[in-house]
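This report refers to the structure that appears directly beneath it.
The values are calculated or read from the model by the stated rules, or taken from the named source; none is laboratory data. As the structure is a prediction and not an experimental result, all values here were calculated from the model. Every residue, glycine among them, receives a Cβ derived from its backbone with ideal geometry; neighbour counts consider all protein chains shown.
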Amino acid sequence: MTMTVVVTVNAPGRFRGFLASCMCEIAPGVYTAPRMTKDVRERLWAVLESWWVERSEATLVMTWPDRSIPGGQQVRSLGVPPRELRDHHGVYLARRELNPAQKEALARLAGSAEEAEAAERVTGSLTTQSIVPSEGSASHDASSGESSMGGATASGGSSGDSSA
């Protein structure tokens, strides 16, 4: 028997009444049961899942300890936006589908990255200069955005070696 927590968002009274009949509502939409068996938890989730299909605007999350999996915590989720929970080196990450505006922005970024790669192939690999100041003082020309260090000039590049 383990502690089980269910969190509801935008859930109809039917969900809330059912959960309150078998768990303690410690805050609005947050239900806990300190000693719920696996069988009871599975039946509870089956009922919630069947009702959720009928009223899918609600969001439900159930969690409980589970030492047999990385991270030690099992999580089930139903709701909007749908989330897919993935284990990444023992840490759960929630993944959800992008909305159309986010997909468009990502496509623009990918297009920009592809254009930059194509330009790099045409012009050769990007080069950076390593600026070693010679004798003299460093100066900065604010109007052109160029820095000058004793005769060596850098404009927009970063120092370091280039590796393509």
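Of note:
- Of all residues in the stretch 88-102, at least one satisfies being assigned to a helix (DSSP H, G or I), at pLDDT below 85 and surrounded by 10 or more Cβ atoms within 10 Å (Cβ to Cβ).
- The stretch 56-79 - residue that is outside any strand (DSSP E or B) and farther than 15 Å from Gly29 by Cβ and, of those, modelled with the lowest pLDDT: Ser56
- Filtering the stretch 45-62 for residues that are under 18 Å from Cys22 (Cβ atoms), without any contact (Cβ under 8 Å) to a residue 24 or more places away in the chain and of a type in the set (Gly, Ala, Ser) leaves a non-empty set.
- Filtering the stretch 21-45 to residues that are loosely packed, with under 14 Cβ neighbours inside 10 Å and out of contact with any strand residue (DSSP E or B) (no Cβ under 7 Å at 6 or more places or on another chain) leaves Ser21, Ala27, Pro28, Arg35, Thr37, Lys38, Asp39, Glu42, Arg43.
- Verdict on Glu49 being of a type in the set (Asp, Glu) and over 28 Å from the mean Cα position of the chain (by Cα): no
- Contact map, the stretch 66-77: residues that are under 13 Å from Met3 (Cα atoms) paired with residues that are surrounded by 12 or more Cβ atoms within 10 Å (Cβ to Cβ) and among the aromatic types (Phe, Trp, Tyr), Cβ distance under 9 Å, separation 6+ or inter-chain. Pairs shown: Gln73/Trp64; Gln73/Tyr92; Gln74/Trp64; Val75/Trp64; Val75/Tyr92.
- Residues that are closer than 16 Å to Gln74 by Cβ, surrounded by 13 or more Cβ atoms within 10 Å (Cβ to Cβ) and either without any contact (Cβ under 8 Å) to a residue 12 or more places away in the chain or not polar (S, T, N, Q) (or both) within the stretch 1-20 comprise Val5, Val6, Val7, listed in sequence order.
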